[in-house]
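In what follows, a single structure is set out as structure tokens and then discussed.
Every number here is computed from the coordinates shown, using simple stated rules; none is lab data. Please read these numbers as outputs of a predicted model, since none were measured by experiment. Glycine gets a Cβ as well: all are built from the backbone with ideal geometry, and neighbour counts include every protein chain shown.
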Amino acid sequence: MSFWLDQALAQAELSNDCLAEHRAKSLEALRATPWPTRKTEAWRYTPLLSLDNSVIDEPNDNIDYPGSPEGVELIELFFVNGKLQSNINVAVEGLTIASLDNLNDEQQAVAKTVCQSAKPSRHLFGMVNDVLAKQGVLISVADGSDIKPIIRLVHLQNGGQSHVRHLIKLGQGAKVSVIEEYRGEQSFVATSFSEFDLGDDAVLNHYRFGLQTGAAKALAGCHFNLANRSQMHSTLVSFGSVLSRLDVDINHAGEHALATQNAIYLLADKELFDLHSNVEHMQPHGTTEENVRGIIGDSAKAVFNGRIHIHRYAQKTLAELNNRNLLLTPKAEINTKPELEIYADDVKCAHGATVAELDNKALYYLRSRGVSEQDARIMLNFGFINELIEQMPAEPLCEWLQGELRTRFGDLRTQLSVEG
């Protein structure tokens, strides 16, 4: 076991809340789980030495709050260094939002049903989060409710350690949009896990923007459980840092469920980002479309492991997984492993991965029109990922995210240029 994990578990307090039994089981399992090494397949390309060897900055509450997307109605909750700073005062029919540390009896019952509905027990830092997370929210959408405002959960970190859990329950025929947004560049350790349990015919628009950079150590997970005819549309955008890992699980627990997921990672300097995605088709007539694109520059390293598992009785499944990557320098690295595991015989499935460099003809064309080499490379890189951004259903949110990405490209213009 690692020094960091020993210290973290020493601080664990198994409070007598509604999730106490679940926390106790995770703590017991965690103590019996070997610490990952390079021989551990799920962590083969992502070393965890930075957790033990790092110095964590002292947190403070003097932090700059980001601006909000314009042209869209929002319900915004802000967390600073893992602690909720906003008053929860929601007056939207059919929507309930409550802090995890202040749930009534009915809300506690909902939290128990959502917790571990989609997140498997194999995730090491998911178990850490089970044990240590006391902050977060329970979001519950009543049957048939169409929630118009987008719920934006903003996490700002400037040091220390934080552990946050969000539980989201959609009733039958419910519709809602949720943004998870994470920012920070100082030296900190954060685990953040969210679980989404969708009822029959529910529709979820989900956005996760992992914008941590620099010395951040961010370990996270998004987990979805789909019922009959439910739909989830997820957009994941991630920057790199010293250590950045995201585990995604999508369970087709009902028939005729639909899952679409677009993921983008943009890395430079010596950053690392690791995306592990797992889709379980357990029922017939399910559809999954997963598109993942990455831009890796300088000495950065990306890891993608995407798995789609078609169970024996999941006939008539349609599933497609694609991972496309641009390497901008000879030192940039991508380890990609798309997988299909199929036990049904009446399915249509495909998967693939590509690793390439920028198109020299397109670069020459822009250069011949007076565009500098650095700007030409940025334009081509932006075009590579913008196709996925434009598929987001909320146009104002799409425009806001494009602005965030332009800023990122501008900050990295030196790293994203290479010798011709």
By count of other Cβ within 10 Å, fewest leading, how are V303, V164 ordered?
V303, V164
Burial ranking of peptide ranges 36-46, 113-123 (average Cβ count within 10 Å, highest at the top)
113-123, 36-46
Computed [θ] at 222 nm, helices only, for the chain once each DSSP H run of length n ≥ 4 contributes -39500 (n - 2.57)
-6000 deg cm²/dmol
Taking the Cα centre of the chain as origin, work out the dipole magnitude from +1 charges on Lys and Arg Cβ and -1 charges on Asp and Glu Cβ, in debye rounded to 20.
960 debye
Using Cα positions and a limit of under 28 Å, work out the lysines in reach of K134, with same-chain residues fewer than 8 apart set aside.
K25, K83, K112, K119, K169, K175, K217
If the chain were replaced by its equivalent ellipsoid, with semi-axes equal to the square roots of 5 times the Cα gyration tensor eigenvalues, what would those be, largest first, whole Å?
32, 26, 23
Å³ per residue of the Cα convex hull, for region 154-267?
71 Å³
Mind ranking 384-396, 192-204, 285-297, 322-334 by how tightly packed they are, going by the mean number of other C-beta atoms within 10 angstrom, highest first?
192-204, 285-297, 322-334, 384-396
Over the chain, what is the relative contact order in whole percent, taking alpha-carbon pairs under 8 Å and six or more residues apart?
10 percent
Proxy exposure order for V279, V154, V55 (fewest C-beta within 10 Å first) is V55, V154, V279
